[in-house]
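Let me begin by presenting the structure, written as C-alpha coordinates, before commenting on it.
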Amino acid sequence: AKWSTDSIAAILDNQLNIIPRFIELLGGCTPSRILKLVVFVLGQIAYGDRIRAQSVLVTLPSFLWLLNHPDKEVRLNVCWTLSKITEGTKEHIQAVIDAAIFPKLFELIRSSDLEVQVEAGHAVANATRGNENQVWYLIHIRVIPVLCSLLLSSTLQTALAFD
(Lines give C-alpha, C1' and ligand atoms only; values in the text may rest on other atoms or scores of the structure.)
Protein backbone atom coordinates (compact mmCIF):
# COMPACT_ATOMS: atom_id res chain seq x y z
CA ALA A 1 0.00 0.00 0.00
CA LYS A 2 1.17 3.49 -0.81
CA TRP A 3 1.89 5.72 2.14
CA SER A 4 0.40 9.18 2.26
CA THR A 5 2.49 12.14 1.18
CA ASP A 6 2.27 13.42 4.76
CA SER A 7 3.76 10.17 6.12
CA ILE A 8 6.66 10.36 3.69
CA ALA A 9 7.18 14.05 4.43
CA ALA A 10 7.24 13.29 8.17
CA ILE A 11 9.97 10.69 7.63
CA LEU A 12 12.09 12.99 5.48
CA ASP A 13 11.56 16.04 7.67
CA ASN A 14 12.40 14.10 10.82
CA GLN A 15 15.11 15.85 12.81
CA LEU A 16 16.98 12.54 13.11
CA ASN A 17 17.74 12.59 9.37
CA ILE A 18 16.56 9.06 8.62
CA ILE A 19 18.30 8.43 5.27
CA PRO A 20 21.86 8.25 6.76
CA ARG A 21 20.53 5.85 9.41
CA PHE A 22 18.96 3.74 6.67
CA ILE A 23 22.32 3.63 4.85
CA GLU A 24 23.91 2.29 8.05
CA LEU A 25 21.23 -0.40 8.33
CA LEU A 26 21.61 -1.37 4.67
CA GLY A 27 25.36 -1.75 4.97
CA GLY A 28 25.63 -3.65 8.22
CA CYS A 29 24.70 -7.02 9.63
CA THR A 30 21.05 -6.08 9.82
CA PRO A 31 18.48 -8.87 10.17
CA SER A 32 16.40 -9.59 7.05
CA ARG A 33 13.15 -8.47 8.69
CA ILE A 34 14.65 -5.00 9.33
CA LEU A 35 16.19 -4.82 5.84
CA LYS A 36 12.80 -5.58 4.27
CA LEU A 37 11.22 -2.71 6.20
CA VAL A 38 14.00 -0.24 5.44
CA VAL A 39 13.91 -1.03 1.71
CA PHE A 40 10.11 -0.88 1.74
CA VAL A 41 10.15 2.59 3.32
CA LEU A 42 12.76 3.73 0.78
CA GLY A 43 10.49 2.43 -1.99
CA GLN A 44 7.56 4.34 -0.53
CA ILE A 45 9.67 7.50 -0.47
CA ALA A 46 10.73 6.95 -4.10
CA TYR A 47 7.09 6.25 -5.01
CA GLY A 48 5.89 9.39 -3.23
CA ASP A 49 7.17 11.92 -5.72
CA ARG A 50 10.15 12.51 -7.95
CA ILE A 51 11.70 15.20 -5.76
CA ARG A 52 11.63 12.98 -2.67
CA ALA A 53 12.94 10.06 -4.73
CA GLN A 54 16.16 12.04 -5.13
CA SER A 55 16.92 11.45 -1.44
CA VAL A 56 16.84 7.67 -1.98
CA LEU A 57 19.55 7.70 -4.67
CA VAL A 58 22.34 7.72 -2.07
CA THR A 59 21.28 4.20 -1.06
CA LEU A 60 21.92 2.72 -4.53
CA PRO A 61 25.40 1.32 -3.72
CA SER A 62 23.82 -0.74 -0.93
CA PHE A 63 21.10 -1.95 -3.28
CA LEU A 64 23.68 -3.55 -5.55
CA TRP A 65 24.85 -5.99 -2.90
CA LEU A 66 21.32 -6.45 -1.50
CA LEU A 67 20.30 -7.87 -4.87
CA ASN A 68 22.44 -10.89 -3.84
CA HIS A 69 20.79 -11.22 -0.43
CA PRO A 70 19.75 -14.80 0.43
CA ASP A 71 16.27 -13.65 1.51
CA LYS A 72 13.98 -13.51 -1.53
CA GLU A 73 11.77 -10.85 0.12
CA VAL A 74 14.75 -8.51 0.51
CA ARG A 75 15.64 -8.96 -3.19
CA LEU A 76 11.99 -8.47 -4.14
CA ASN A 77 11.72 -5.22 -2.12
CA VAL A 78 14.96 -3.92 -3.61
CA CYS A 79 13.74 -4.63 -7.15
CA TRP A 80 10.40 -2.97 -6.35
CA THR A 81 12.19 0.09 -4.97
CA LEU A 82 14.45 0.22 -8.03
CA SER A 83 11.35 0.09 -10.25
CA LYS A 84 10.00 3.13 -8.41
CA ILE A 85 13.32 4.94 -8.90
CA THR A 86 13.53 4.13 -12.64
CA GLU A 87 9.93 5.29 -12.96
CA GLY A 88 11.24 8.74 -12.03
CA THR A 89 13.37 11.19 -13.96
CA LYS A 90 16.19 10.64 -16.41
CA GLU A 91 18.55 11.66 -13.59
CA HIS A 92 17.17 8.82 -11.46
CA ILE A 93 17.73 6.36 -14.32
CA GLN A 94 21.28 7.68 -14.73
CA ALA A 95 21.95 7.15 -11.02
CA VAL A 96 20.94 3.49 -11.38
CA ILE A 97 23.20 3.19 -14.45
CA ASP A 98 26.08 4.83 -12.57
CA ALA A 99 25.62 2.41 -9.66
CA ALA A 100 26.11 -0.50 -12.15
CA ILE A 101 22.83 -2.12 -11.08
CA PHE A 102 21.38 -3.10 -14.47
CA PRO A 103 23.68 -6.10 -15.08
CA LYS A 104 22.60 -7.56 -11.73
CA LEU A 105 18.93 -6.94 -12.57
CA PHE A 106 19.51 -8.80 -15.85
CA GLU A 107 20.99 -11.71 -13.89
CA LEU A 108 17.93 -11.80 -11.63
CA ILE A 109 15.60 -11.77 -14.63
CA ARG A 110 17.42 -14.79 -16.04
CA SER A 111 17.76 -16.85 -12.88
CA SER A 112 15.55 -15.79 -10.01
CA ASP A 113 12.14 -16.55 -8.57
CA LEU A 114 9.24 -15.40 -10.78
CA GLU A 115 8.19 -12.55 -8.46
CA VAL A 116 11.74 -11.20 -8.36
CA GLN A 117 12.08 -11.67 -12.14
CA VAL A 118 8.94 -9.64 -12.78
CA GLU A 119 9.89 -6.83 -10.41
CA ALA A 120 13.43 -6.66 -11.83
CA GLY A 121 11.81 -6.57 -15.27
CA HIS A 122 9.71 -3.57 -14.23
CA ALA A 123 12.82 -1.71 -13.09
CA VAL A 124 14.56 -2.43 -16.40
CA ALA A 125 11.52 -1.68 -18.57
CA ASN A 126 10.95 1.65 -16.79
CA ALA A 127 14.53 2.64 -17.62
CA THR A 128 13.85 2.30 -21.35
CA ARG A 129 12.06 5.65 -21.06
CA GLY A 130 15.40 7.34 -20.43
CA ASN A 131 17.27 9.68 -22.74
CA GLU A 132 18.94 8.54 -25.94
CA ASN A 133 22.30 7.76 -24.28
CA GLN A 134 20.61 5.77 -21.52
CA VAL A 135 18.60 3.72 -23.99
CA TRP A 136 21.75 3.07 -26.05
CA TYR A 137 23.50 1.95 -22.87
CA LEU A 138 20.69 -0.53 -22.19
CA ILE A 139 20.79 -1.78 -25.79
CA HIS A 140 24.59 -2.15 -25.56
CA ILE A 141 24.32 -4.32 -22.44
CA ARG A 142 21.63 -6.39 -24.20
CA VAL A 143 18.38 -5.27 -22.59
CA ILE A 144 16.22 -6.51 -25.48
CA PRO A 145 17.11 -10.22 -25.21
CA VAL A 146 16.75 -10.05 -21.44
CA LEU A 147 13.27 -8.54 -21.54
CA CYS A 148 12.24 -10.89 -24.36
CA SER A 149 13.39 -13.88 -22.34
CA LEU A 150 11.24 -12.70 -19.45
CA LEU A 151 8.21 -12.19 -21.70
CA LEU A 152 8.69 -15.61 -23.31
CA SER A 153 9.25 -17.39 -19.99
CA SER A 154 6.95 -20.38 -19.67
CA THR A 155 6.68 -19.70 -15.92
CA LEU A 156 5.48 -16.15 -16.60
CA GLN A 157 3.09 -17.39 -19.28
CA THR A 158 1.62 -19.90 -16.81
CA ALA A 159 1.32 -17.26 -14.08
CA LEU A 160 -0.42 -14.83 -16.44
CA ALA A 161 -2.88 -17.53 -17.49
CA PHE A 162 -4.13 -17.73 -13.89
CA ASP A 163 -4.59 -13.95 -13.44
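The values are calculated or read from the model by the stated rules, or taken from the named source; none is laboratory data. Computed from a predicted structure; not experimentally measured. Because the Cβ atoms are built from the backbone with ideal geometry, glycine has one as well, and the counts that use them run over all protein chains shown. What goes into the accessible areas is simple: the full protein's heavy atoms, side chains included, and nothing from ligands, DNA or RNA. Shrake-Rupley method; radii C 1.70, N 1.55, O 1.52, S 1.80 Å.
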Find out how many positive minus negative residues lie around Glu73, taking Lys and Arg as positive, Asp and Glu as negative, among other residues whose Cβ is under 13 Å from that of Glu73.
0
Would you please state the base-10 log of I(q)/I(0) at q = 0.13, 0.20, 0.25 1/Å for segment 24-105, with intensities from the Debye formula using one equal scatterer on every alpha carbon?
-0.33, -0.81, -1.26
Going through segment 63-163, which trypsin sites (Lys or Arg not before Pro) have at most 16 other Cβ atoms within 10 Å and a DSSP loop state?
Arg129, Arg142
Going by a ≥ b ≥ c, the root eigenvalues of the Cα gyration tensor, does segment 38-163 fall in the rounded group (a/c under 1.5), the prolate group (a/b larger than b/c) or the oblate group?
oblate
What is the percent carbon and sulfur in the accessible area of segment 24-87, measuring with a 1.4 Å probe over the protein chains and ignoring ligands?
59
